[in-house]
Every structure is written in structure tokens, then in C-alpha cells.
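The values are calculated or read from the model by the stated rules, or taken from the named source; none is laboratory data. Because the structure is predicted, anything quoted here is derived from the model rather than measured. Every residue, glycine as well, gets a Cβ built from its backbone with ideal geometry; the counts of neighbours run over all protein chains shown.
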Amino acid sequence: MLQRTLSTRRRLGGVVLQIAIVAAIGGLGYGAAYNAGLNLSRAHIASGFGFWNNTAGFDISQTLIAYSASTSSFGRAFWVGLLNTLLVGAVGIVFATILGFVVGIARLSNNWLVARLAGGYVELVRNVPLLLQLLFWYNAVLKSLPLLHGSMALPGGAILNNRGLFLPRPVFAANFSAVVVVLVGGIICAIGLTVWSRWRHQRTGANVHIFWPSLALIVGLPLIAYAAAGFPLHFNVPQMGRFNVSGGLEILPEFVALALALSVYTAAFIAEVVRAGVLAVSHGQTEAAQALGLRSGQTLRLVVLPQAMRVIVPPLTSQYLNLIKNSSLAVVIGYPDLVQVFAGSVLNITGQAVEVIALTMAVYLAISLFTSLTMNLYIRTVAIPER
Amino acid sequence: MRRLATAVALAMALALGTQAAAATDTTLAAVKQRGELICGANGTLAGFGMPDPQGNWTGFDVDFCRAIAAAIFNDPQKVKFVPLTAKDRFTALQSGEIDVLSRNTTWTLSRDTSLGLDFAAITYFDGQGFMVRKALKVSSALELSDASVCVQQGTTSELNLADYFRSNRMSLKSVTFATGEEALKAYESGRCDAYTTDSSGLYGERLELTDPSQHIVLPEIISKEPLSPVVRHGDNQWTDIVRWTHFVMIDAEELGINKGNVDAKLKSNDPETRRLLGVEGQYGEALGLTNDWAYRIIKHVGNYGESFERNIGQGSPLKIVRGLNALWTKGGLQYGPPVR
């Protein structure tokens, strides 16, 4: 009886303490915001988000959504910057992951040259500051590309010069969506086919060849649909103008340099994470797999990596977060990311540092938390089910 | 990154601190107590604000801060210069990091009203221009439709550029950089067809290119850029000191008083000269300074014309003509209200 009272009291005390701490933090935050508002008005500095719908008036070099200097608002500029950050973050993560896994596994290779090359890459890249690498890539990319009048014409109508890479831009007619529907349907059928053949293989041991039927489903059917819909796709081919290339899909050198620098830099860290993960898997697992007659590629893919992933994913998440946050270095090479557009031009034109910086920090926090959440969900799928 | 640090520092100061200096103490008192003026300057713009290889700051905007220091301390060296980018500059002033911003800054209505800042006096009448390669064979900015233009962000240049292309129905591909240096470098590497900033800046920056003769400044001036030193709103005494520092330099030029003859002019019988130099009246004390404050400015820094010619005019590599910045008596716009 006494025992229970004591533990209840202790638990109650804990709850009260927690509520008090939360209230104190909340009060501190409110106090800071109130104080900031008071000080801003005392210093005659405009405050609030009233600027959000005012016309921005400045131009942005890369816009994934429609934006014009004359009509779009600061709010619109914010979204343009945010999307540019997400784009370079996503592209960087994909390439950094691929490169990081390749290098990390190569560093464990029995081939002396491959292992040394991978080791050299990691040591070179991760020991040079990212900012310097970014400037190197930007200048290397810009300097090595031809000037406008010496533009390289690439096959398929693409053009490459120091203003960027200009690809033919696909223009979809209205009934193109039918082709997409057929394509998605084909992919779903092909997946179903694969599942069925695995099931049948496990049940009866019979091998069903599914390569050609799958190919027909994924490629053949959409092609037929494409022809039936009257070829609803053509390309807007870039044209050389007096100063610039017009039309087509433009990939800025600033984007290429930033994505390259982020990928190469982060890949070096990911490689070490991967190496650590693979080494964490007991060597007995490899030996057991070999004893079962698995080839080395199969051993890696089916036995080692799935177990290594549990070790790899948490530090990998940190690397992804670093990559996204490092993308704000875009500011030095003129890539219009969130920091450059919003915490740069918008902050300076409106002069509202407190609001702009607070919002920018909140956005990075949200992106990072979302990335962590996604990775945590992924960890659950690779965790060993405990009985 | 420094800009971000400043902005974050401002946010923290506003959130956590009570208002630092402005409310209780005057800027003048703070400067006197500190023993030096802290002046926000450009840092990379030849002729206006840049440290030389020995680390001595020189330039037209720099001299203006030296003039304020001379007026307060009788010593033009008692200034600490803080190099600022276009993006940093207002935050640095708002947060109290600097006392005065003298960094080719355009006076606009929105900056005057919403930043908690005041513009003291137009020290240089400027306008925005374009620089292009000669090889481009462009003779007018109106031929630049579809061109890529490098520009520094957070400037009126960035906004004027979009306006100019829009109002002339030309299509624009602007590439913006955080600092003028980066924008200029990108222009030089061929990333852009044109580089745009205030035309005063163009003269200086053209000389920093590998081969200046390969580049020309186009004739069009597309905007009004009245450049002015900036102070925090609400400290009227300090605003007056900064404003009148400029005016007495103009007045001195108009009265023919310069570095060389200022001592002799102390014995002048001309009442205007006598009031300006503090021989008659208590005009300096009214500002919170000593009565010989203007004498100190001219003795140490010189009059407006001397500062102009030495830093950006015929005595400098830039060779900018006075133009709009000539005295009003010589067809320009520089006009100093009377000291009396």
C-alpha cells in the first residue's frame, strides 16, 4: 500500500516537473517573441509578414514554378527558393547515395588498386572544406565549358555551353495521360507477374521466364498506346540566339556545380558509413553464405547488405541532413536556393531580418525532421523482426 | 555566412536584449566613450572603399567616415572600418554593430521608412549602368534582350535591372550573386554577357578585370541612385552630425577653403568663412561637438572636391568626371545649406 502511494507520488511529481519545464520553455519563447516585437517597433523597424504578398520585383534564374519579377510576390519567391533547395537536395542525395555505396564497398574490395583508389577518394574529399570544393567545381565547370559561340551541339538537339546544358523539352499533348495510365498499368502487371513467378518457384521449384512478358507489358503496351493516341509528344528543341540559347529545358551550371559538389563530398562520408556497416556484419555470415554456394555478388546483396543496413541507416540519415543543410552554400555561386532568394534578396529588400531568418530556420528544421522521419520508417522495414 | 551570422545576431539581440544604445544613450556619447568611430564600408570597391595592400582604408566613402572622426576626435585615423556586403549592411547598422554606414547605398523610400534607418545626405549622385565585352559589338543597353546579366543581390541594381528589361519589353536572364566580387568574376569568366551596378562602381570594377580594354561601359544610365550615408532612426543629433559633415565639405569647396589654405582662412574677414571654421558663433557646440569641428574636417580630410578628385576623380585611376556631383554653382547638384 505504502509502496504504491510512494510510486504514484513519484510519478505525479515527474509529470508536474515535465509540465513545469514545458511551460517554462513556452514562456521563454513567448517572452522572446514579445520582446522582439516591442524592440522592433521601438527601433521603427517594420515587423510582421505584411510583405508576403507584395511584389518581389527581382528576377530569379531558375524557377520550377511560374514566377515573374513584375507580378509575383515575395511569398512566391519563397516557394521558388524552397523548391530549388529541395531539387538540389534530392538530386544530391540520390547521387551521393549511389556513389557512396559504390566507393564504400570498393574500399573493402580484395582488388588492391580498387581498394586504394576508393580509400584515396575518401581521404582526399572529406578532408577538403566543402566551400572550396564548391568553388572548385563551379570554376571547373564554368571554365571547361565552351563559350556561347563555341557551343557544343550534342546528339538529339541538345546544346552545351557555359550558360548551361540545354535539352529538348518534352511537350505533352492532352491525350498523353492515356499513355501514362497504360505504362503504370503495365508496371503493376509486371510486378504481379514477378510475385506470381516467385510464389510458383517456391511452391513447385519450376522456373518461369518472365523477362520477355514483362518487357512487353512495360514497353510494348505503352508504345502501342502511344501510337494509338496519335503520337501525343513532341520536343521543344533549343535554338541558338544572339546572346543565349532559347527554348528547351535549361540546366544551369550553378545547379550542376552545386549538385556535383554536394554529391561528391557527402559520398565520401557515406562510403565510410557503408564500410562500417559492412564490417559490422560478422564474417561468419559471409562464410556461411559461401558455404551455401552463393556467389560473392549474391552474398553481398542477399546476406551482408540487408544486415549492414541496420547499422548504416542512422548515420546515413545524418549525412542526408548534412547534405540538405550544406546546400545553403549555394549562395556563393549564385544558385537560387532558399537562403539565396529568401534570406538573401527578400531579406534585404524588405529589411525584415527577424521574420525572414526565423522562417528560413523553421523550413530547414521541417525538412530535416521530415527526412529523419522517413529514414526512421525505413529502419523499421529493415529491422530484424524480434520474436 | 557572415551575413547570416549578423542577421541571426540581430534576431537574438532583438528577442533577448533590451534596446542596446539608441533609447538610453546617444550614438555620439557611445562613439566618444569608445574612442573611435565604427564605420560600415564596402571593402572591395576601388575608389570608394577598399583597404590598400598595407591595410589602410582609402576611398571616397572611407574619407567621409574619416571626416566624421576628424570632427569628433580631431584625428581621422580613429575609425574602425567594417567591410560589409550589400546584403549585410542594413542588418549591421540596425544591430548596432556600426555607427554609420558609408557604403555606396541608394536612398529609397522603402529603405527610409521600413528599416528603422535614416539617410543623411546625398554624397554622390549616381545611376545604374552596364558593362559588356567589346567583342559583343553592343552599343546600347537596349540591344541586350535575352542576354545573361550578372548582378549583386540585395541591391537596387537587382530591382532596376528587372524593371528596365520589363519596361523595354526585353527578356532577361539574370544571375545573382551575394557579393559584387563574385558577380564580377562570373561575368569575366563568360557566364554573363553583361555586368550591371552603379556606374561609379563600373569604372572601378572594370579596372579590376584582367584586360580592362576589352570591356566597355554602355552609355545608358537606367536609374537614379542617390548614394547616401545611413544612420539609425531616432538619434537626431547623430543624424545632424553626419548630414552636416557632408554639407560643410560642400560649403568649404564653394568658399574656396581647402586642406592647404584652411589655416590662412582662419584669419579671413569673410563672415561665411568665419562661421564655417568656428571663428564666429557656437555652431559646433550646437551639434554636440567643438566649434572648430569643420576646420578639423577640412584640415585632415579636405573639402568635397578634394576628396572627390583624390579618390575617384582626375587624381585617381578612375577618372570620373564631376557631372551631377559638381557644385550647384558649376552646373551640378551638390548644394550645401548655409552655416548660420
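General remarks:
- Residue match in the stretch A:117-137 (condition: within 14 Å of chain B (Cβ to nearest Cβ), at pLDDT below 90, out of contact with any strand residue (DSSP E or B) (no Cβ under 9 Å at 6 or more places or on another chain) and surrounded by fewer than 21 Cβ atoms within 10 Å (Cβ to Cβ)): no
- Within the stretch B:219-245, the set of residues being more than 14 Å from chain A (Cβ to nearest Cβ) and in a loop (DSSP other than H, G, I, E, B) comprises B:Pro219, B:Glu220, B:Ile221, B:Ile222, B:Lys224, B:Ser228, B:Pro229.
- Of A:Thr286, A:Thr317, A:Thr350, all but one fail to be hydroxyl-bearing (Ser, Thr, Tyr), within 14 Å of chain B (Cβ to nearest Cβ) and surrounded by fewer than 23 Cβ atoms within 10 Å (Cβ to Cβ); the exception is A:Thr350.
- Residue within the stretch B:262-274 that is touching an Asp or Glu at 6+ places or on another chain (Cβ under 9 Å) and surrounded by 19 or more Cβ atoms within 10 Å (Cβ to Cβ) present: no
- Condition met for A:Leu113 (within 30 Å of A:Met240 (Cβ to Cβ) and out of contact with any Leu (no Cβ under 8 Å at 6 or more places or on another chain)): no
Here is a yes/no grid of residues against (1) closer than 30 Å to A:Val278 by Cα; (2) among the β-branched types (Val, Ile, Thr):
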site	(1), (2)
A:Ile19	no, yes
A:Leu40	no, no
A:Ala56	no, no
A:Ile98	yes, yes
A:Phe101	yes, no
A:Ala106	yes, no
A:Asn111	yes, no
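- Pick from the stretch B:48-79, criterion surrounded by 17 or more Cβ atoms within 10 Å (Cβ to Cβ) and charged (D, E, K, R), ranking: nearest to the other protein chains (Cβ to nearest Cβ): B:Asp61
- Of the residues contained in the stretch A:266-275, none is found to be outside the structural domain of A:Leu329 (by TED's automatic domain parsing) and either among the aromatic types (Phe, Trp, Tyr) or modelled with pLDDT of 95 or more (or both).
- Sole exception among (1) at pLDDT 90 or above; (2) within 14 Å of chain A (Cβ to nearest Cβ) for B:Ala15, by number: (1)
- Only residues that are hydroxyl-bearing (Ser, Thr, Tyr) and in contact (Cβ under 8 Å) with a residue 24 or more places away in the chain were counted across the stretch A:208-246, and they come to 2.
- Within the option set A:Gly57, A:Gly37, being closer than 30 Å to B:Arg232 by Cβ, within 14 Å of another protein chain (Cβ to nearest Cβ) and part of a loop (DSSP other than H, G, I, E, B) holds for one residue only, A:Gly57.
- Set side by side, the residues A:Leu154, A:Leu83 differ, and just one is at pLDDT 95 or above, farther than 19 Å from A:Ser318 by Cβ and either in contact with a helix residue (DSSP H, G or I) (Cβ under 9 Å, 6 or more places away or on another chain) or of a type in the set (A, V, I, L, M, F, W, C) (or both), which is A:Leu83.
- Output for the stretch A:314-337, where each listed residue is assigned to a loop (DSSP other than H, G, I, E, B) and either touching a Pro at 6+ places or on another chain (Cβ under 6 Å) or small (Gly, Ala, Ser) (or both): A:Gly334
- Filtered by the rule that a residue be touching a Gly at 6+ places or on another chain (Cβ under 6 Å) and more than 14 Å from chain A (Cβ to nearest Cβ), the stretch B:83-101 gives B:Pro83, B:Ile98.
- Among residues that are away from every other protein chain (no Cβ under 12 Å), crowded, with 24+ Cβ neighbours inside 10 Å and either outside any loop (DSSP other than H, G, I, E, B) or within 26 Å of the chain's Cα centre (by Cα) (or both), A:Ala308 is included.
- Qualifying residue in the stretch A:154-173 (condition: farther than 30 Å from A:Thr63 by Cα, outside the structural domain of A:Ser318 (by TED's automatic domain parsing) and under 31 Å from the mean Cα position of the chain (by Cα)): no
- The set of residues in the stretch A:60-78 being within 12 Å of chain B (Cβ to nearest Cβ) and among the polar types (S, T, N, Q) consists of A:Ser61, A:Gln62, A:Thr63, A:Ser68, A:Ser70, A:Thr71, A:Ser72.
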